[in-house]
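The values are calculated or read from the model by the stated rules, or taken from the named source; none is laboratory data. A quick note: this is a predicted structure, and the numbers were derived from the prediction, not measured. Cβ placement follows ideal geometry from the backbone for every residue including glycine, while neighbour counts extend to all protein chains displayed.
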Amino acid sequence: MLTLTRTFRRVIGRDGDSAPAKARASARTPVLETPPIDIAPNDPILAYFHAGSGAVAIDDLQLDSPAVRALRSAGVKLVVPLISQGELIGLLNLGRRLSDQDYSTDDRRLLEKLAAQASPAVRVAQLVREQEAEVRARERISQELRIAQLIQQQFLPKTLPNLPGWQIAAFYRAAAEVGGDFYDFIDLPGGKIGLVVGDVTGHGVPAALVMATTRSVLRSEAPRLGSPSKLLERVNDFLHADIPQNMFVTCLYAVLEPATGRLTYANAGHDLPFVRRGNDVVELRATGMPLGALPGMHYDEKEATLGPGDVMVLHSDGLAEAHDPQRQMYGFPRMRKLIGELGTGHELIDGLLESLHAFTGPAWEQEDDITLVTLSRSSVHGETEHVLVEFEESSAPGNERRIMDRVASSVRDIGLDPKRFERLKTAVSEAAMNAIEHGNRLDVELPVHVRVSVTDDELLIRIVDNGGGRDIPEPETPDLEAKLQGLQKPRGWGLFLIKNMVDDMRVHTTNMHHSIELVMKLAAKKGADDGHD
Amino acid sequence: MTTATTTTTADRIDEWTIVIRVRGDVTAASEQPLMAAYGQAGDKTRAIVLDFTGLDYMNSGGIGLLVTLLVRANRQKQKLLACGLNEHYKQIFELTRLDEAIGIHDTEAAAVAAAKA
């Protein structure tokens, strides 16, 4: 009932004239305003107003009521309750008549009629105002979410490390409320690399800020402190001093020596990473309290070795703890089983996400952030893949040329003959154009991911867009006659060109992504270099 | 970064022949400059020579555009010829069999001579 006095708190001067005259008079004489009168929900006067007995003469009331005293001292003589659908929604407060006479029965009847007609209109106005306030509140919340998202994205790695003999892939998708997931790669002395995956309790801006702080401390201390357990101890003490109450951070930190596959790791209460060796999937176990919860904590430090062909999967609970419509949890066992069956890198990530999608159903609203990072070691010698460049471009029209130029400059030194170099450029620009226009439908928010790598005998260019779930049409053999007769549209040469420019073309579509891999043979294999008929 | 730009100039060689010099890119975005140059051909023109000496980049969108141009030229019973293509784009013309509909010549002089034949 707090809207009561806010809506109607005017003491209306009244001289008993006809309505038009009154309107003119009130335009000339300043309207007196009472100060806002708050009526407590337990004030006895409310019973009078609710009784529906019409206008209430304040001076006649014999009530011990703070509201009555307030109304009297404001000079209010008559109060007409505004009732809409049985609910008291406002008061029409009137001061003394200008003639100083009492309000007549006719006056009261007129006022009551007016109140009965005004009430629904006032109620509608109130509802509109409430709704506007709600919209503003919602806008403020979504603004906060945007800020949280911005912070989060700002601190996630923009590029993946380039480690010869290793393949790294990462996926992060924020929940609607933006949780505090993060992952990071830290360059360490001696060619080692620090791998981080973590989760801040809570959501929104506070979680994003704690995530940013944790990341900064990890980054600044990691190169100095070689040991993962020492690093987590240090970060824990730092965070404990500053973190808001009831917030903490789970975090797994591992140091990889790429040359040997040796891994040292420590864990602050985070989900255990999986490692696939052949057909086996094991968890890397290490115990420790989450960061920031208690001071002076110690963390186990463990070791493992990732052999050729092994795959490590770092993750947050967003995937394993997702629920289906029957509230069943996706669970770690399901995840573990799937990791044993799927491929590596993006294929593995997409496979997990597809399985999640199938499990939760299409109507699922993501409950928490999902983070997946995979680290795969190339299987055997001869398959060592060296990444020349890996980058993303936005899906703006014309960016296929930027992609073409960046790929071209990355392969300039690998000794491709000039003809094949030109063909590669055309193939890359066509594939990139398809990714931008068809895969990502020119949505500049969507990136085209490009990875250029060489093995012993092949140059591989992989171009990935977000156009998953749709089939890629078979390259159409262009029929110029048909096109000239208007039977085929003049365009549609892209895939045909790509296929003819490179030695091999592999396409792969998942629910999420569509990727095309262009292959140029590097070894001087006779017949492979000039066949374009 | 390189921005996609196409410039075209149309030069009349004689009553029946014009040369359209294309510089920069030929992509789907080149429609306006290319068709504007073609628009200068007029009714009496019997042959259009596309000089690609200044070509930096052509993609499938540009090829589609050439097909559109070819359709229009055919309708007007005009011959379409090309010159100044580098090896790479010559190969693409062969692949797409555009070379069967657009006469390809090394130099502008050779193309103009062929136009009169």
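The set of residues from the stretch B:82-97 being touching a strand residue (DSSP E or B) at 6+ places or on another chain (Cβ under 6 Å) and either small (Gly, Ala, Ser) or at the interface with another protein chain (Cβ under 7 Å from one of its Cβ atoms) (or both) comprises B:Ala82, B:Gly84.
Taken together, A:Ser376, A:Ser429, A:Ser453, A:Ser395 contain a single residue that is within 30 Å of A:Gly204 (Cα to Cα) and either in the same structural domain as A:Cys251 (by TED's automatic domain parsing) or crowded, with 18+ Cβ neighbours inside 10 Å (or both), which is A:Ser395. Counted as qualifying within the stretch A:266-334 are the strands (runs of 3 or more DSSP E) with 2 or more residues that are over 29 Å from the mean Cα position of the chain (by Cα), namely A:274-277, A:280-283, A:302-305. Applying a threshold of 7 Å to beta carbon distances and a minimum spacing of six or more residues, or different chains, the list of pairs starting in the stretch A:489-501 at a residue that is more than 7 Å from chain B (Cβ to nearest Cβ) and ending at one that is surrounded by fewer than 19 Cβ atoms within 10 Å (Cβ to Cβ) reads A:Gly492/A:Glu476; A:Leu495/A:Pro475; A:Phe496/A:Pro475; A:Phe496/A:Glu476; A:Phe496/A:Thr477; A:Ile498/A:Met505; A:Lys499/A:Pro475; A:Lys499/A:Met505.
Scanning the stretch A:93-122 for residues that are part of a helix (DSSP H, G or I), polar (S, T, N, Q) and either exposed (fewer than 13 other Cβ atoms within 10 Å of the Cβ) or free of Cβ contacts under 8 Å to residues at least 12 places away in the same chain (or both) turns up A:Thr105, A:Gln117.
Candidates are the residues of the stretch B:64-81 that are of a type in the set (A, V, I, L, M) and touching a helix residue (DSSP H, G or I) at 6+ places or on another chain (Cβ under 7 Å); the one that is farthest from the other protein chains (Cβ to nearest Cβ) is B:Leu81.
Rundown of residues vs (1) within 20 Å of A:Lys425 (Cα to Cα); (2) touching an Asp or Glu at 6+ places or on another chain (Cβ under 9 Å); (3) small (Gly, Ala, Ser), yes/no style:
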site	(1), (2), (3)
B:Asp56	yes, yes, no
B:Ile63	yes, no, no
B:Gly103	no, no, yes
B:Glu108	no, yes, no
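One residue stands out in the stretch A:146-203 among those that are assigned to a loop (DSSP other than H, G, I, E, B) and polar (S, T, N, Q): the one that is nearest to A:Asp271 (Cα to Cα), namely A:Thr201. Residues in the stretch B:34-51 that are surrounded by fewer than 22 Cβ atoms within 10 Å (Cβ to Cβ) and either in a strand (DSSP E or B) or touching a residue at least 60 places away in the same chain (Cβ under 8 Å) (or both): B:Arg46 alone. When the residues of the stretch A:222-251 are filtered to those that are in a helix (DSSP H, G or I) and among the polar types (S, T, N, Q), which remaining residue is surrounded by the fewest Cβ atoms within 10 Å (Cβ to Cβ)? Per the criteria, the residue is A:Ser229. The single condition among (1) more than 12 Å from the chain's Cα centre (by Cα); (2) under 26 Å from A:Asn434 (Cα atoms); (3) within 14 Å of chain A (Cβ to nearest Cβ) that B:Glu100 does not satisfy is (2). So is A:Arg224 more than 22 Å from A:Leu284 (Cα to Cα), in the same structural domain as A:Leu272 (by TED's automatic domain parsing), in contact (Cβ under 8 Å) with a residue 12 or more places away in the chain and of a type in the set (D, E, K, R) or not? Taking the combined requirement at face value, the residue does not satisfy it.
To keep it simple, each residue is scored yes or no on (1) at pLDDT below 90; (2) more than 14 Å from chain B (Cβ to nearest Cβ); (3) under 30 Å from A:Phe274 (Cβ atoms).
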residue	(1), (2), (3)
A:Thr371	no, yes, yes
A:Thr384	yes, yes, yes
A:Glu393	no, no, no
A:Asp405	no, no, no
A:Asn434	no, no, no
